[in-house]
1. How many of the residues in region 82-110 are of a type in the set (Phe, Trp, Tyr) and free of Cβ contacts under 8 Å to residues at least 24 places away in the same chain?
2. I need a count of the residues in region 100-145 that are closer than 30 Å to TYR69 by Cβ and in contact with a His (Cβ under 9 Å, 6 or more places away or on another chain).
3. Could you tell me whether ASP185 is open to solvent by 60 Å² or more (accessible area, probe 1.4 Å) and on the phi < 0 side of the Ramachandran plot?
4. For region 35-51, give me the residue count where each residue is open to solvent by less than 20 Å² (accessible area, probe 1.4 Å) and within 19 Å of SER87 (Cβ to Cβ).
5. Of the conditions (1) modelled with pLDDT under 90; (2) touching a helix residue (DSSP H, G or I) at 6+ places or on another chain (Cβ under 9 Å); (3) of a type in the set (Lys, Arg), LYS2 clears all except one; give me its number.
6. What number goes with the only condition from (1) open to solvent by less than 40 Å² (accessible area, probe 1.4 Å); (2) in contact with a Lys or Arg (Cβ under 8 Å, 6 or more places away or on another chain); (3) at pLDDT 90 or above that CYS84 does not pass?
7. Going by the structure shown, is LEU96 open to solvent by less than 20 Å² (accessible area, probe 1.4 Å) and out of contact with any Phe, Trp or Tyr (no Cβ under 8 Å at 6 or more places or on another chain)?
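The values are calculated or read from the model by the stated rules, or taken from the named source; none is laboratory data. Just so it is clear, the model here is predicted, and its values are computed rather than measured. Cβ coordinates were reconstructed from backbone atoms using ideal geometry, including for glycine residues, and neighbour counts include every protein chain displayed. Only protein heavy atoms, including side chains, enter the accessible area calculation; ligands, DNA and RNA are left aside. Shrake-Rupley method; radii C 1.70, N 1.55, O 1.52, S 1.80 Å.
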Amino acid sequence: MKEPDSLPGRAEEPKASDEALDFLSRISPRKVNQCLFVDSLVTVSDSGRELGEFSVSVQKAIYQDEPCYLVHANSHGTIDNIPCGTSIVAYVSKSLETLEQNHHEYMKMQGHTLDRKVNIVRQDDHLVVNRVITEKEEKKKQTFTFPLHSLQGFVSEASNLLIQRILARQKKIPDKMTFLSFTADTQISVSTYTELGTKKQMVGKDLVDVFGIERTMSCGEDITETWHSYFLQDGHLASRVQIGSPVMMNLLQLPPTVSEDKDQKPVFEKKPLIWEEDMELHSKFLDRKEELKADHSSYVRHHPELKTLLADFLQFLLLRKPQDVFSFARDFFAPFDTRHPPGSSFMTSRTMIVPKTIMATRRPARIPEDLARDMILNGWDEEPIGGTDSGSDISDVEDPEYCPSGHVRPSETQSAPAEQDHDGDTAQNRTDQHSSLSKGEDQKLNCKSPALVCF
């Protein structure tokens, strides 16, 4: 393994300029993210004949659990009937440092093939370069190791493609911006970027403005290689040529317009939503409606006591006709909660207006205070009048034999003198009559909820 000081042709260590180091330190992920797209150009000769294709793509990736960018460049074609090509696959960090790069070049001549592969990989605090050159049947391998501290401002071929896109978007190149780079012989050299200004260029049928960048690489004493690249305003490559080469790359069709800020959310005009007129929304509404109806019907079928309870409440409400329906409903359902005793709405609405026909046939009676208290506290366990049949009709109130199921009139909060009705009977006498009724009669005295009992 050769160390960098053993490489020939380097009397003085090249260094990157301060402007180049400052540029690299100012590169933000947002600037790089604006350059994530694909360029596709064709390779043409001086006469305009298509010889091949050239493409460059940049996308986000992960390299050894580190977020980075994947750069993929390809150039393939035929020059003077000789197939040749170059491909680059590299992982570049957010600060454009090369994590790993594979650079492959080939040229297939008749009876003679030249193939060169260069692998650059970062290992700890070193950059390791492996070269494999195959010419005819001969294969030559070389390995070089460079300390990272000696490569400040180093730019690989993959990083170069990203740097040019960033410079083209900002349309300004600092003076004396010089980076470190590798020559074809894996020697450390310098590459300088210079602004070429803007010019007009035909892309398809459109005449557009393009911004030019010149990159010059020193390959030894008095030997340089220069490329001219022109870019659209959004950073897409419009043309690329190496000075002295008989071919160049041109863009044949303008790419789709790229938003200046991809993070900016599009703004859409608000339109009134009339879901009844929208076929999709109306269909969803009908489906949801049928789903709810089926679910509710299933619940009611599995809980038949629900209809009985609601019918019982409604009938009792119409009998009492309270002024405050909400308070009456609260007190009606309070006995079902053992933590809260019933309120006073039953006391304020305890008097029921009974038709005279009922009075003449069945006389209402008041239940003794001690008996009513026991019913309120303990409840009665016998089946309420009407059973669990939920088909009770409110019109049953007019039936003199009717008694609301599940209720009994509460006793007076204070003792009161016995009242006499029109027959001269007292409440005590009526209570005695009640106690003498047989179990076989239609109307039952026992109810589950304290409210009203009719005789």
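1. Result for region 82-110: 1.
2. Of the residues in region 100-145, 8 are closer than 30 Å to TYR69 by Cβ and in contact with a His (Cβ under 9 Å, 6 or more places away or on another chain).
3. Details: open to solvent by 60 Å² or more (accessible area, probe 1.4 Å): yes; on the phi < 0 side of the Ramachandran plot: yes.
So ASP185 passes the test.
4. The number of residues fulfilling the criteria is 3.
5. (2)
6. All conditions pass for CYS84, except number (3).
7. Working: open to solvent by less than 20 Å² (accessible area, probe 1.4 Å): yes; out of contact with any Phe, Trp or Tyr (no Cβ under 8 Å at 6 or more places or on another chain): yes.
Taking the combined requirement at face value, the residue satisfies it.
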